[in-house]
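Quick notes on the structure that follows.
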Amino acid sequence: MRVLQIIPELETGGAERTTIDIAQALVEAGHDALVVSQGGRMVAELPAQAHHVTMPAASKNPATMWANARRLARLCRDEQVDVLHARSRAPAWSAYLAARKLKLPFVTTYHGAYKAQNGLKQQYNSVMARADAVIANSRFTAASIIEQFPYAQDAITVIPRGTDLSRSDGTAEPYAWPIPDGAKLVLHIARLTEWKGQEVAIGALAQLPDDVHLVLAGEDQGRTRYTEGLKAQAAELGLSARVHFVGHADPARALASADVCVVPSIRPEAFGRAAVEAQAAGVPVIVSKLGAVPETVLAPPEVADEDRTGWHVAAGDKEALADAIIGALNLAPGARDAHIKRAQAHVHRRFSLEAMCEATLAVYDSLTA
């Protein structure tokens, strides 16, 4: 097969990582992988055998999107592409037009659940549901698609986001962050944006012992006002010395440095890769009971306490988050070891990169057959 994936850019993020992972899987399976994007630092991570084409794929300008459709159609003809796979709405419109013109199988992946404030936005979002195969990265995402676009129900395949768990085996070199010797490190790894819950994590830290420190690992991507607000919150609570802003961090090294990982999102997430990577790395994880993240972490009352792989807390509840952090930090050595083994077995069984790639290539196979 010759499969072309299109994504706005390859700078950073989960959809971008999945694009690279699927390109690698295609190459390893003896297929041809093409990727179209606006470019970015992750282009260098594509396999050498993959072909990257730079195009203004992030543009939402209708004229540019229409021009991209013509470029894509020409590229697909020249490269004899068999399947066109879009991973975001703006490039999906271009891909949809090109696929229909050439009568090519068209695939979309919902990496998130889109909101529609009005009919125009609903129409814009609808392109993701117009594909021959619609991949949803969680049951939560699938339910959201069906609620908005019932006609897409038969086209939906749920393929949980896969992660290269070998990168998160806990053996990476820890960061030399300025944390006092003997202190406990709570890690929050996500871009700095309000809905990721950094304010909730800082509020929880205020209720924890002085030897517990919080690392916020992520870039604000220009949201400097939000970053300054977090620093002001920490200062007001007397926590400036215990809240560390470290910018972009390698997830494997960050997790190797942590005692506990928190994912305290205050808006629903469509998957929640950080929770999967934390479990794979042997780091107890606490997540908001919201969106798809609870699908990746087992906790009572959905399972018995002895089957727990993490903790669920109400979104925005800093007291509950603080209590769960204390519970995770206070696990006895034997109980912690058993907890880690359960969590690692759970994510390797359900959320491995191999499982995602195998399922995605099966979708391509079904369409080309």
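The values are calculated or read from the model by the stated rules, or taken from the named source; none is laboratory data. Please read all numbers here as calculations on a predicted model, not as lab measurements. Note that each Cβ is placed from the backbone with ideal geometry, even for glycine, and that neighbours are counted across all protein chains shown. These accessible areas exclude ligands, DNA and RNA; they are computed on the full protein's heavy atoms, side chains included. Shrake-Rupley method; radii C 1.70, N 1.55, O 1.52, S 1.80 Å.
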For W177 and N118, FRET efficiency with R0 = 41 Å and r from the beta-carbon atoms, rounded to 0.05? 0.35
Among L102, L214, L237, what's the order by accessible area (1.4 angstrom probe), most exposed first? L237, L102, L214
How long is the gain from K289 to R191 if the chain were fully straight, where each residue apart is worth 0.36 nm and the alpha carbon distance is subtracted? 33.3 nm
What full-extension length gain, to one decimal in nm, is calculated for E11 and E228 as 0.36 nm per residue of separation minus the Cα-Cα distance? 75.7 nm
For the chain, the count of lysine pairs 8 or more apart or interchain whose alpha-carbon atoms are under 23 Å apart comes to 15
Of the accessible area of segment 1-149, with the probe set at 1.4 angstrom, what percent is carbon plus sulfur? 50 percent
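Counting heavy atoms of the protein chains only and a 1.4 Å probe, report the per residue accessible area for segment 1-60 as a whole number of Å².
Here the per-residue accessible area is 38 Å².
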In degrees between 0 and 90, to the nearest 10, how far off the longest principal axis of the chain does helix 353-368 point, with axes built from Cα atoms? 20 degrees
Given the Cα-Cα distance of E306 and T64 and 0.36 nm per residue of separation, how much length would full extension add, in nm? 81.6 nm
Quick one: how many Å² of H31 are accessible to a 1.4 Å probe, rounded to 10? 40 Å²
Probe 1.4 Å, heavy atoms of protein chains only: per residue, the accessible area of segment 215-272 in Å² is 43 Å²
Surface accessible to a 1.4 Å probe, per residue, for the residues of segment 325-369, Å²: 52 Å²
Please check which bits of segment 302-324 a label hung off A335 would reach, taking the label as a point 7 Å along Cα-to-C-beta and the cut-off as backbone N under 14 Å. 305-311, 324
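Please give the calculated 222 nm ellipticity per residue for the chain, where each DSSP H segment of at least 4 residues contributes -39500 (n - 2.57) and the sum is spread over every residue; nearest 500 deg cm²/dmol?
That calculation yields -12500 deg cm²/dmol at 222 nm.
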